[in-house]
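One structure below.
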There are 2 protein chains.
Amino acid sequence: MARFVRAFGLHQPDRTPCGTPVPVSEAHALGELAREGELRQVELVHRLRLEKSTTSRIVAQLVRRGWAERAAAPGDGRGVLLRLTAEGHQAAERLAEARRTRFDAALDRIPAGEREAVMRALAVLTKAVDD
Amino acid sequence: MARFVRAFGLHQPDRTPCGTPVPVSEAHALGELAREGELRQVELVHRLRLEKSTTSRIVAQLVRRGWAERAAAPGDGRGVLLRLTAEGHQAAERLAEARRTRFDAALDRIPAGEREAVMRALAVLTKAVDD
DNA sequence: CGACATGGTTCGACCGTACAACCACCTGAT
DNA sequence: ATCAGGTGGTTGTACGGTCGAACCATGTCG
């Protein structure tokens, strides 16, 4: 496990393991938003497992980069609804591309017959770890 | 993958995912030293995938805690040979215990028939990711 | 003997995260 | 209708892990 963390480069939180100079948490936020389309900020807190203060800053950073925009949440005057801008979607796509490249390279080193089993195992492990 | 990182708590580098209030990198260093007995500091640099400056600081921290001690490397006046103290071994054991607890809990949530396959898959993936 | 490489340390800067305090808004009970 | 307590967000502050560069000592090779 420890080996995996180091090999994957997870100990450097301000750089994506896939080589992109974007903080890991920001990349994750971008990914969630890209998949969901819209997201309440509080939902992002839960998915990213961060404090709301940290999440607030990350969102501010995304907005500053021009990747996301805040809107009022429908039916709740307190909430913030997040949405990716056009540039945000492009950035997410670039990130996904880098991720694909990185993973393809890794998968190449896994015997073809085992690939699917490994991917499924990772999903199982994630679910098991997730309390 | 991203889900796994968040679920496992890897985004918080100053706390072990297993609940111990010890920085992740320090825990990894402790683990390597416990397994190897002795280790050159430069070897730790490679295994931890850190800069030598960062490694130096981590070692200093271990020494400060009374968990490790530096010695001259045999046959090389520049090098530093690292060794765990008695307290260091105890600390490593406590860490291993916490890890075991955490993993057992996770493994309990994996169908018995799949456990071995999942563990093997993780090893395969680590090797594949490791350039 | 001199040039370059290697192992370590120290210094400075950056940045991600948590915690606390605070505000705005919502909700439910009286 | 009102007030208490809960929830969503922001800002200030502190902490700490990591890197890069400068520097030193030691080893190595021509």
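Here, each number is a calculation from the coordinates, and none is a lab measurement. In this text, all values refer to a predicted model and were calculated from it rather than measured experimentally.
Within chain B, helices built from complete DSSP H runs that reach 15 Å or longer along their own axis (Cα positions) and carry a mean Kyte-Doolittle hydropathy of -1.0 or higher are B:24-36, B:52-65, B:86-108, B:115-129.
Among rounded, prolate and oblate, which fits chain A when a ≥ b ≥ c are the square roots of the eigenvalues of its C-alpha gyration tensor, a/c under 1.5 means rounded, and a/b larger than b/c means prolate?
Here chain A falls in the prolate category.
Springs join every pair of Cα atoms under 10 Å in this Gaussian network model of chain A, and among A:Gly66, A:Gly75, A:Gly37 the largest mean-square fluctuation is at A:Gly75.
Residues whose amide H lies under 5 Å from that of A:Arg40, counting only those 5 or more places away or on a different chain, are A:Leu82; hydrogens are built 1.01 Å from N in the peptide plane.
Counting only lysines at least 8 places from A:Lys52 when in the same chain, those with an alpha carbon closer than 25 Å to its own are A:Lys127.
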